[in-house]
Amino acid sequence: MESAAAESKAMRRAPCECRNLTLEERAAKKGAGEAAAIRCLVPRSGVTKFEDAVFGPSEIQNAEIEDFVLLRSNGLPTYQLSVVVDDIDMRITHVIRGADHLSNTPKQVLIYLGLGAAPPIFAHVPLILGADRTRLSKRHGATSVGSYVEEGFLPEAFRNFLALLGWSSGDDTEYLPTAELVRRFSLGGVSRTNAVFDRPKLEWFNTQYLSQMPIEELLPHVEGQLRMDGLWRDEWSSGDGHAWLARTVDLLRPRTRFLKDFSGWGRAFFSDEFEYEGEARAKFWKEPRLAEMLGKLADALAGLPEWNHDACDHALRELAAAEGVKAGLLINATRVAIVGRAVAPPLFDSMVALGRERVVSRLRRALPVVGGGQATTAG
RNA sequence: GGCGCCAUGGUGCAACGGUUAGCACAUCGCCCUUUCAAGGCGGUAAUACGGGUUCGAUUCCCGUUGGCGCUACCA
């Protein structure tokens with residue numbers, strides 16, 4: 001430990017003393033063809049001050065600022081010079097950036113002044129830290145915004161989450177769609193403490209947006225997901241097909257956590273090809289008489305004069321009563337038969353969404369499997 | 001090492017001299033229930049430490065400790 005510290009201390013570069021070179025010495029070096037970088041000649045006394053919209057007034061002794069490089073010996077400008085020149089050129093009025101730039105701001109102010117330009121308004125926002133409390137980086141598993149989109153996060157939700165890291169509207173409102181965020185934002189609400197990126201809360205925001213955002217805004221995202229998984233059908237683009245899609249997505253969304261859930265556990269609503277989840281089968285297809293009862297249910301449903309929630313409900317409960325079993329037994333078994341899993345929206349709503357044809361045929365298709373067969377794939 | 005910034009539950013924010021220290025996520029429990037969620041209700045949990053200032057400090061000042069950042073011919 002101590003030796004490592006001593007080592008880094010020894011390796012620390014000594015401050016450049018070129019400023020003490022006499023004119024003759026400079027001429028000599030230049031004559032010898034020595035490459036030279038151009039540094040900012042920082043006053044050895046006085047202070048440099050600036051006002052930060054978030055951190056307030058700031059003052060630093062010039063003696064603390066080294067003669068930093070402006071132009072490298074190869075002629076290329078450094079970041080410090082570049083940003084200032086570019087911002088002046090573009091007439092930038094507000095420089096809003098991470099607090100990691102706070103310490104370098106005095107240098108930039110010096111450049112503005114040296115160039116005869118008025119410094120812009122600076123606003124430094126707190127850093128976002130990983131769970132280990134160090135600045136967020138690739139090493140945290142993470143990642144670009146793009147990777148969050150790939151994971152199935154909605155841009156709107158991600159933005160809302162990010163906005164609340166280091167900023168608050170003043171009251172306790174947290175669900176703030178972009179338009180509202182824009183309306184409420186002010187630099188004055190920005191905090192000065194670094195924030196830890198809290199993944200669980202991000203996921204919570206995603207579920208909020210998934211289930212609350214206007215359905216027409218959500219649909220394009222769902223379409224994108226379905227296309228990506230090869231489940232999209234053009235008939236859902238307009239008319240009755242679109243209306244059906246909207247209703248179905250609305251049915252599914254309260255229990256989705258990510259966009260991919262629509263094509264994941266929700267797959268059976270968009271495709272006839274789906275599998276019976278092993279756990280669901282084991283749990284809800286135990287009763288030996290099930291195949292027989294589900295067959296009767298299929299027949300009853302096929303003969304129903306009307307196809308709606310209540311009609312399905314009555315038909316199933318009637319059968320359960322006649323067979324002397326609890327309705328739940330048939331409900332759960334039927335759910336697995338028509339959507340392949342235990343995790344799904346309420347049964348009768350699901351049946352309406354799927355339509356009579358599919359429900360009846362899926363029930364019949366499941367009979368041999370329910371009876372203890374080995375097949376696990378339907379369709 | 002030097003300089004700077006920051007410090008309220010596990011996490012993100014409120015309270016900008018006087019509140020039983022509030023909200024959300026997470027967590028635990030209960031209700032609801034047709035699976036899984038959602039939702040509703042409730043619980044556990046915080047002012048880093050030490051000095052001041054003040055009738056009164058989470059809040060203002062100083063110190064300590066801790067964290068982070070900058071300290072490159074990186075950006």
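Of all residues in segment A:149-205, those that are near RNA strand B (Cβ under 7 Å from one of its atoms), in a helix (DSSP H, G or I) and closer than 16 Å to A:V54 by Cβ total 1.
Residue by residue, here is whether (1) assigned by TED's automatic domain parsing to the domain that holds A:L231; (2) closer than 21 Å to A:S263 by Cβ; (3) within 14 Å of RNA strand B (Cβ to nearest atom); (4) without any contact (Cβ under 8 Å) to a residue 60 or more places away in the chain holds:
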| site | (1), (2), (3), (4) |
| --- | --- |
| A:F284 | no, no, yes, yes |
| A:D313 | no, no, yes, yes |
| A:R317 | no, no, yes, yes |
| A:G324 | no, no, no, yes |
| A:L329 | no, no, yes, yes |
| A:T334 | no, no, yes, yes |
| A:A342 | no, yes, yes, no |
| A:F348 | no, no, yes, yes |
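So that you can scan it fast, the table gives a plain yes or no per residue for (1) in a helix (DSSP H, G or I); (2) more than 7 Å from RNA strand B (Cβ to nearest atom); (3) over 15 Å from the mean Cα position of the chain (by Cα); (4) modelled with pLDDT of 95 or more:
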| position | (1), (2), (3), (4) |
| --- | --- |
| A:T207 | yes, no, no, yes |
| A:E217 | yes, yes, yes, yes |
| A:H221 | yes, yes, no, yes |
| A:G241 | yes, yes, yes, yes |
| A:L245 | yes, yes, yes, yes |
| A:D250 | yes, yes, yes, yes |
| A:R253 | yes, yes, yes, yes |
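Checking the structure you have, find out if any residue of segment A:41-53 is over 30 Å from A:K201 (Cα atoms), among the acidic types (D, E), within 8 Å of RNA strand B (Cβ to nearest atom) and not in a helix (DSSP H, G or I). Among the residues of segment A:41-53, not one is over 30 Å from A:K201 (Cα atoms), among the acidic types (D, E), within 8 Å of RNA strand B (Cβ to nearest atom) and not in a helix (DSSP H, G or I), which makes the answer no. Within the set A:D67, A:D132, A:D86, the sole residue that is in a loop (DSSP other than H, G, I, E, B), free of Cβ contacts under 8 Å to residues at least 24 places away in the same chain and either within 15 Å of RNA strand B (Cβ to nearest atom) or surrounded by fewer than 14 Cβ atoms within 10 Å (Cβ to Cβ) (or both) turns out to be A:D132. For A:E306, the conditions (1) more than 14 Å from RNA strand B (Cβ to nearest atom); (2) touching a residue at least 40 places away in the same chain (Cβ under 8 Å); (3) outside any helix (DSSP H, G or I) all hold with the exception of (2).
Across segment A:277-298, a minimum of one residue is classified as closer than 23 Å to A:R255 by Cα and touching a Phe, Trp or Tyr at 6+ places or on another chain (Cβ under 9 Å).
The values are calculated or read from the model by the stated rules, or taken from the named source; none is laboratory data. Because the structure is predicted, anything quoted here is derived from the model rather than measured. Cβ coordinates were reconstructed from backbone atoms using ideal geometry, including for glycine residues, and neighbour counts include every protein chain displayed.
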